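**Q** One structure, as structure tokens, below. Some questions next.
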Amino acid sequence: MGRHPGHAIVFGASGLIGWAVVDQLLRCYPETSTFSRITAVTNREVTFSESHWPEPNAERPKLQLISGIDLRHGDGVMLANSLKQAVEDVETVTHLFYLVFTAHPNGTEEVATNRRMLQNVIDAHNFLSPDLQFVVFPGGTRGYGIYAPGGVFTPPLTEDMVNNLPPEQAKTVVYPANRELLSAASKGRDWTWCEVCPDAIIGFTPNGSQFSLALHWAQYLSLYAHNHGTGPSNQESGRPAIEIPFPGSTAGANSLFSPASATKIARFMIYASLHSDICGGGQLFNIADNDAPCTYGELWPRLAGWFGLVGTGPAGDSQTQNNALAVGELPQGAQQLTPGEYISKHKDIFTQCGRSKAVDGGVGAGSRQLDSVGYWLTFDRHLSLEKLKKTGFEGSQDPVQGWLDSFQMFRNVGLIL
Ligand SMILES: NC(=O)c1ccc[n+]([C@@H]2O[C@H](COP(=O)([O-])OP(=O)(O)OC[C@H]3O[C@@H](n4cnc5c(N)ncnc54)[C@H](OP(=O)(O)O)[C@@H]3O)[C@@H](O)[C@H]2O)c1
């Protein structure tokens, strides 16, 4: 354990994992007074009332929310000047949670931009924060080559495999560059770091997230339920059940994977940051809700059921589409609209139902990639959680719970019907 109470700074606090890290810290995970102060940094403007984080009280750490910090601009010195002016007690920062990511169609450009943003943050804090103890950032299963059709490694995926990612793939993924950067920047310093590797992240964000599968499917399912006159109370009404096929192929429905709720990832990141003796030194840890893998085919009926729908297997014309497609590729000639096409076609309903926030608050540019999830991810890619278990972190949970909690939050804030 480190020295307490700490000052956590969270970059990317409006994103899927970042929002959950701030939420968990405000809920006093792991204990009241572990942290006395949280600084949440966002790029796009977010107000506290829009954030839906818990209201302040005497038990919680004090939160400062800073918006409008675009990390692409300038260098570490410029960022240090901005943070010095904006962050109260920046010199007391002890734990740095880095959850920033920006996508770019060109892989090399994506690596360069994301690497530069992390470099700026680390340079700034090496200058500003002498008490810094721990830095943590998320990688992802892209680092195991899941963007290559059929994948690269035979699962369960273990942390050592990332070192054998073929170079042509490694150069389009920022995680190896981040590791190199953090190893160099922490040399001779009092802080250490680790990386956490999730597959699909299931969580809430207050203002959308380009790669939120839970939000994408929730918008689809809620519009579908509305258009078919069904809802959570359908079962009691005695109306006929409305079926909705899984948006993918049979192989996509049956392949094994390991989803992770943003809350669980956030909790482990905080846990790791407080156990630098066992989690530091630049280690990588897989993370998922449950050490037993699951399939989208198992999850789909339970997700659809929350909306009063009956989730079934892939539609007839998708059942034979079992050849692995590339990321963002969709089968030719499918009759069923993809979730993204369905949302686009019916999004006016959100406005008509007083949910105009749902129109701009969806997944935007990530829509096509998310539509392809059920067609492209046709191979087993589950994670080994053996290393995670050895840290003593909490045990497994139902992988559906994170989806249902997220759906409820989306409904509470008007992102779905
Ligand atoms: N989504 C998934 O299912 C998934 C799965 C596995 C791994 N991952 C990995 O997890 C990491 C985080 O992804 P995520 O899905 O959580 O992302 P996300 O929800 O889109 O969050 C990214 C965060 O980065 C911030 N950001 C983007 N550009 C910025 C800039 N120029 N300056 C400052 N902040 C900026 C965003 O803020 P604004 O929105 O305000 O710009 C947002 O808070 C990535 O490395 C990703 O590859 C994601």
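The values are calculated or read from the model by the stated rules, or taken from the named source; none is laboratory data. All of these numbers come straight from a predicted model, not from anything done at the bench. Ideal geometry is used to build each Cβ from the backbone, glycine not excepted, and the neighbour counts take in all protein chains shown. We work out accessible area using only protein heavy atoms, side chains counted, and drop any ligands, DNA or RNA first. Shrake-Rupley method; radii C 1.70, N 1.55, O 1.52, S 1.80 Å.
**Q** In nm, give the distance between the simple-model label positions of R72 and A103, each being 7 Å from the Cα along the Cα-to-Cβ direction.
**A** In this crude spin-label approximation the distance works out to 1.5 nm.
**Q** Could I ask something else about it? What is the angle, in °, between the Cα long axis of helix 401-413 and the longest principal axis of the Cα atoms in the chain? Nearest 10 is fine, range 0 to 90.
**A** Tilt of helix 401-413: around 90 degrees.
**Q** When 1/r is averaged over all different Cα pairs and the result inverted, which Kirkwood radius in Å belongs to region 258-310?
**A** Over region 258-310, the inverse of the mean reciprocal pair distance is 13.3 Å.
**Q** Could you work out the Rg to Rh ratio of region 350-400, with Rh taken as the Kirkwood radius (inverse of the mean 1/r over all Cα pairs)? Provide the component values of the computation, followed by the final result.
**A** Numbers: Rg = 18.2 Å, Rh = 15.2 Å.
Taking Rg over the Kirkwood Rh, I get 1.20.
**Q** Still on this model: Using only helices, what value at 222 nm comes out for the chain when you add -39,500 (n - 2.57) per DSSP H run of length 4 or more and divide by the total residues, to the nearest 500 deg cm²/dmol?
**A** Per the formula, -10500 deg cm²/dmol.
**Q** Using only protein heavy atoms and a 1.4 Å probe, report how much of T154 is accessible, in Å² to the nearest 10.
**A** 110
**Q** Let me ask you something else. Dimensions of region 127-188 along principal axes (Cα, Å, largest first)?
**A** 46, 22, 16
**Q** Turning to a different aspect of this structure: Cα extents of the chain along the three principal axes, largest first, in whole Å?
**A** For the chain, the Cα spread along each principal axis is 63, 47, 39 Å.
**Q** For helix 213-227, report the angle its Cα long axis makes with the longest principal axis of the Cα atoms of the chain; keep it between 0 and 90° and round to the nearest 10°.
**A** 30
**Q** Provide the percentage of antiparallel DSSP beta bridges, counting only those with both residues in the chain; round to the nearest 5. Walk me through the intermediate numbers first.
**A** On the way: 1 of 36 bridges.
Roughly 5 percent of the DSSP beta bridges within the chain come out antiparallel.
**Q** Using a Gaussian network model on the chain with a 10 Å cutoff between Cα atoms, which of P245, P176, P167 fluctuates the most?
**A** P167
**Q** Normalise the Debye intensity by I(0) for region 76-222, one equal point scatterer per Cα, no solvent, then take log10 at q = 0.14, 0.16, 0.17 Å⁻¹ and round to two decimals.
**A** Once normalised to I(0) and log-transformed, intensities are -0.80, -1.00, -1.09.
**Q** Another one. What residues from region 89-103 fall in the zone where the backbone N is under 12 Å from a label point 7 Å along the Cα-to-C-beta line of D131?
**A** Hits in region 89-103 for D131 at 12 Å: 89-95.
**Q** In degrees between 0 and 90, to the nearest 10, how far off the longest principal axis of the chain does helix 107-128 point, with axes built from Cα atoms?
**A** 40
**Q** Please check: in the Gaussian network model of the chain (C-alpha springs, under 10 Å), which one of V135, V196, V77 has the largest mean-square fluctuation.
**A** For the chain, modelled as a Gaussian network with Cα springs under 10 Å, the answer is V77.
**Q** Under 10 Å, Cα contacts only: if you run a Gaussian network model on the chain, which one of G208, G107, G15 comes out with the highest mean-square fluctuation?
**A** G107
**Q** Now for a separate question. What value in Å³ per residue do you get for the convex hull of the alpha-carbon atoms in region 160-305?
**A** Roughly 174 Å³ of hull volume per residue.
**Q** Continuing with the same structure: So how far apart, in nm, are the two label points at E243 and E386 if each is 7 Å from Cα heading toward Cβ?
**A** Placing both labels 7 Å along Cα→Cβ, they lie 4.2 nm apart.
**Q** If I compute solvent accessible area with a 1.4 Å probe over the protein chains, what percent of it on the chain is carbon and sulfur?
**A** The nonpolar share, carbon plus sulfur, comes to 49 percent.
**Q** Additional query: Along its three principal axes, how long is region 1-109 when you only count alpha carbons? Whole Å, largest extent first please.
**A** Cα spread of region 1-109 along its principal axes, largest to smallest: 44, 28, 27 Å.
**Q** OK, next. Under a cut-off of 17 Å between alpha-carbon atoms, report the aspartates and glutamates in cross-link reach of K187, not counting same-chain residues fewer than 8 places apart.
**A** Within reach: D123, D131, E195, D277.
**Q** A further question on this structure: Quick check: pseudo-label points 7 Å beyond the Cα along Cα→Cβ at K62 and N81, how many nm apart are they?
**A** 2.7
**Q** Roughly how many whole Å is it from the C-alpha centroid of region 367-417 to that of region 158-220?
**A** 15
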